[in-house]
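Q: Dropping the structure in here first, questions after.
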Amino acid sequence: MSLSPHHDTNASTLSGGFFDPVRQAQQAFHALMNALARPGTVQPIEAVEAPAALPRLFGTIACTLLDPDTRLFLDPMLAGDPHVAEWMTFQTGTAIVGHESEAMFGMISDSREVELAAFCAGDQAYPDRSTTLCLSVSSFSGGKALRCTGPGIETSHTIAPAGLPADFAEQWAANHVLFPRGVDLFLSCEGEGVIGLPRSIQIASET
Amino acid sequence: MSTILDLMAEQPSSDLAHYNFAYLDEQTKRMIRRAILKAIAVPGYQVPFGSREMPMPYGWGTGGVQVTASILGAEDVLKVIDQGADDTTNAVSIRKFFEHVAGVKTTTSTEEATVIQTRHRIPERPLEPGQTIVFQVPIPEPLRFLEPRETETRAMHALEEYGLMHVKLYEDIARHGHIATTYAYPVKVAGRYVMDPSPTPKFDNPKMHRNAALQLYGAGREARIYAIPPYTEVVSLDFEDHPFEVNRFDRPCALCGAENVYLDEVVTDDAGGRMFVCSDTDNCESRRADGHVGEMGVPAAEAAE
Ligand SMILES: [Zn+2]
């Protein structure tokens, strides 16, 4: 039995997830694909019922992309709530790993402290063997202005998500310089959707 | 292995319950979807995936079919072309396959389509943001004919060692006075990976550059997926003294009068008569519907009578 304070507020371990898996997975994947193909644009995505500690869009992403062939890293806040790991395992069958560098997917509920370099950037010969990181942000506006350029962007696209680390632009530069290695990000904001930031794009702080 | 036609004979198209939507099971789709996301993040890089057997021969574009099956939703409108035409056996069969297993709306109109599956051609009509074009790829590795070993070609991509490719193109120039490659002409994507644009004619290479649509490439037998995101720089390999040139046609389409389009030669009668017409049948038909007439064409109003 868990004594999580969130226990009574939301889906239990066995409930939630997709109620129409084929359709919902396709729609969510379509949003994720467009998010990476058109970096900086907000792609609406349907939220699923999930344990209270888990951002609901993380639940959607998990049901869409995770299964017994994947390895998931949860940040300390998510890992500290047994409902989250139980729900992930029950809903998707994903393995949960304790080290960032082993993760195919990472879910970070408090993005202010994230260290992109801790995750797996892949191999020069197999750059696809890298971590896809999901960062929950409090808002897609009000943060530092970040100017994105590169593949998928016609000219440039400026975003200003709130809740990223203060040195995000520097961390991103260190990630992008590794190309074709590097991590890819999905920023998720509850009630809004996702923004994709593939390793291929450049991000500069606007002052 | 049963064929598409066997499957359709067994199951009337009204009964979709027999298959998962779009034929592939959800776990296979998830695996392919994860590969597609990596392919988009690393433009031009060939992502390995666990290719599945499909109810059709490899030569029919099973890689493209698996990509299409993994991205297609109930609201999508699908167009399938082969050599630019919507009415070849290959195009018709794949279109029927998706009508049958996904129940999606299909079209021959480039404008109406949200997903276009193709081999050999990119439509003449510029694609739009929000459209996705899926290429059926027989041989995804542009370095394969120079180096048969996968470990070696993988190392060459990793180290960005593309000297051999330039040597091959330069040998063409030495032998023919120009670069003789007219199909599957290699490109460099986003300044990094050399990529094979599948068997498209080099005429279509400029259409890949900064295209507003998402381009996805699927190779079934070789189990590779690669991608070009919208607005990505795509440069055909060439030399300063021998710049890349597209095939030129010295005449317009005989039916619709279109210039600067890719033409196919067709035989018109037993006496050896021939004419050159748009390879893109939708482009030709919509131009004729708009009143354009080529030297051997008939005005749309007369043709309708
Ligand atoms: Zn024509």
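The values are calculated or read from the model by the stated rules, or taken from the named source; none is laboratory data. Bear in mind that the values here come from a model prediction, so they are computed numbers and not experimental data. Neighbour counts are summed over all protein chains in view; Cβ atoms, including those assigned to glycine, are modelled from backbone coordinates with ideal geometry. The area values use the complete protein model at the heavy-atom level, side chains included, leaving out ligands, DNA and RNA. Shrake-Rupley method; radii C 1.70, N 1.55, O 1.52, S 1.80 Å.
Q: Restricting to segment B:226-250, and then to whatever is within 14 Å of chain A (Cβ to nearest Cβ) and part of a loop (DSSP other than H, G, I, E, B), can you tell me which residue is most open to solvent (accessible area, probe 1.4 Å)?
A: Residues of segment B:226-250 that are within 14 Å of chain A (Cβ to nearest Cβ), as a first pass: B:226-235.
Narrowing the set further to residues that are part of a loop (DSSP other than H, G, I, E, B) leaves B:229-233.
Values: B:P229: 3, B:P230: 0, B:Y231: 39, B:T232: 2, B:E233: 87 Å².
Across segment B:226-250, the extreme among qualifying residues is B:E233.
Q: Additional query: Name the strands (runs of 3 or more DSSP E) wholly inside segment B:166-225 in which the number of residues that are surrounded by fewer than 23 Cβ atoms within 10 Å (Cβ to Cβ) is 1 or more.
A: Per the criteria, B:187-189, B:193-195.
Q: Also, quick follow-up: Might you let me know whether segment B:36-45 holds any residue that is within 26 Å of B:M195 (Cα to Cα), of a type in the set (D, E, K, R) and at the interface with another protein chain (Cβ under 7 Å from one of its Cβ atoms)?
A: So in segment B:36-45, the residues within 26 Å of B:M195 (Cα to Cα) come out as B:36-45.
Of the ones still in play, those that are also of a type in the set (D, E, K, R) are B:38.
With the extra rule that they be at the interface with another protein chain (Cβ under 7 Å from one of its Cβ atoms), the set shrinks to B:38.
Yes: segment B:36-45 contains one or more residues that are within 26 Å of B:M195 (Cα to Cα), of a type in the set (D, E, K, R) and at the interface with another protein chain (Cβ under 7 Å from one of its Cβ atoms).
Q: Among A:G16, A:G40, which is the only one that is away from every other protein chain (no Cβ under 14 Å) and either in contact (Cβ under 8 Å) with a residue 40 or more places away in the chain or open to solvent by 20 Å² or more (accessible area, probe 1.4 Å) (or both)? Lay out the reasoning, then the answer.
A: Details: A:G40 fails: away from every other protein chain (no Cβ under 14 Å).
That would be A:G16, the only listed residue that is away from every other protein chain (no Cβ under 14 Å) and either in contact (Cβ under 8 Å) with a residue 40 or more places away in the chain or open to solvent by 20 Å² or more (accessible area, probe 1.4 Å) (or both).
Q: Here's a follow-up. Do you know which of the residues in segment A:46-93 that are open to solvent by less than 10 Å² (accessible area, probe 1.4 Å) and among the small types (G, A, S) is farthest from A:F105 (Cα to Cα)?
A: So, considering only residues that are open to solvent by less than 10 Å² (accessible area, probe 1.4 Å) and among the small types (G, A, S), the one farthest from A:F105 (Cα to Cα) is A:A50.
Q: Of the residues B:D270, B:D264, which is touching a residue at least 60 places away in the same chain (Cβ under 8 Å) and either assigned to a loop (DSSP other than H, G, I, E, B) or more than 9 Å from the ligand (Cβ to nearest atom) (or both)?
A: On the way: B:D270 fails: touching a residue at least 60 places away in the same chain (Cβ under 8 Å).
Only one candidate passes the filter, namely B:D264.
Q: Go through segment B:273-289 and give me each residue that's part of a helix (DSSP H, G or I) and either near the ligand (Cβ under 10 Å from one of its atoms) or crowded, with 18+ Cβ neighbours inside 10 Å (or both).
A: Taking segment B:273-289 first, the residues part of a helix (DSSP H, G or I) are B:281-289.
B:T281, B:D282, B:N283, B:C284, B:E285, B:S286, B:R287, B:R288, listed by residue number.
Q: Turning to a different aspect of this structure: Show the residue pairs that are 6+ apart or on different chains and have beta-carbon atoms under 7 Å apart, the first residue being within segment A:158-173 and polar (S, T, N, Q), the second being in a loop (DSSP other than H, G, I, E, B).
A: Cβ pairs passing all conditions: A:T158/A:A145; A:T158/A:E206; A:Q171/A:P165.
For every residue, the table says whether it meets (1) among the β-branched types (V, I, T); (2) assigned to a loop (DSSP other than H, G, I, E, B); (3) modelled with pLDDT of 95 or more.
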| position | (1), (2), (3) |
| --- | --- |
| A:M88 | no, no, yes |
| A:I96 | yes, no, yes |
| A:G106 | no, no, yes |
| A:A125 | no, yes, yes |
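Q: Which of the residues that make up segment B:215-261 are of a type in the set (G, A, S) and away from the ligand (no atom under 16 Å from the Cβ)? It would help to see each step written out before you state the result.
A: From segment B:215-261, those of a type in the set (G, A, S) are B:218-220, B:223, B:227, B:236, B:254, B:257-258; that's our starting set.
Within segment B:215-261, B:G218, B:A219, B:G220, B:A223, B:A227, B:S236 qualify.
Q: Could you run through segment B:31-75 and say how many residues are open to solvent by less than 10 Å² (accessible area, probe 1.4 Å) and part of a strand (DSSP E or B)?
A: Residues in segment B:31-75 being open to solvent by less than 10 Å² (accessible area, probe 1.4 Å) and part of a strand (DSSP E or B): 1 in total.
Q: Considering each residue of segment B:152-185, count those that are under 19 Å from B:A219 (Cα atoms) and at pLDDT 95 or above, and give that number. Break it down into steps so the answer makes sense when it comes.
A: Of all residues in segment B:152-185, those under 19 Å from B:A219 (Cα atoms) come to B:153-154, B:157, B:183-185.
Those still in the list that are at pLDDT 95 or above too: B:153-154, B:157.
Residues meeting the conditions: 3.
Q: Can you name every residue in segment B:126-140 that is touching a helix residue (DSSP H, G or I) at 6+ places or on another chain (Cβ under 6 Å) and surrounded by fewer than 22 Cβ atoms within 10 Å (Cβ to Cβ)?
A: none
Q: Since B:G294 meets every condition but one in (1) within 12 Å of the ligand (Cβ to nearest atom); (2) part of a strand (DSSP E or B), which condition does it not meet?
A: (2)
Q: Scan segment A:174-194 residue by residue and report those that are more than 14 Å from chain B (Cβ to nearest Cβ) and open to solvent by less than 50 Å² (accessible area, probe 1.4 Å). Give the derivation first.
A: If we filter segment A:174-194 for residues that are more than 14 Å from chain B (Cβ to nearest Cβ), which is where we start, we get A:174, A:187-193.
Across segment A:174-194, the qualifying residues are A:L187, A:S188, A:C189, A:G193.
To keep it simple, each residue is scored yes or no on (1) away from chain A (no Cβ under 14 Å); (2) under 30 Å from B:G257 (Cβ atoms).
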site	(1), (2)
B:L72	no, no
B:K79	yes, yes
B:R121	yes, yes
B:L146	yes, no
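Q: Any residue in segment B:288-300 that's within 14 Å of another protein chain (Cβ to nearest Cβ): show its pairings with residues that are within 11 Å of the ligand (Cβ to nearest atom) at Cβ separation under 9 Å, as long as the two are six or more apart or on different chains.
A: Final answer for the pair search is none.
Q: Given the structure, is A:A35 part of a loop (DSSP other than H, G, I, E, B) and more than 7 Å from chain B (Cβ to nearest Cβ)? Can you show your working first?
A: On the way: part of a loop (DSSP other than H, G, I, E, B): no; more than 7 Å from chain B (Cβ to nearest Cβ): yes.
So A:A35 fails the test.
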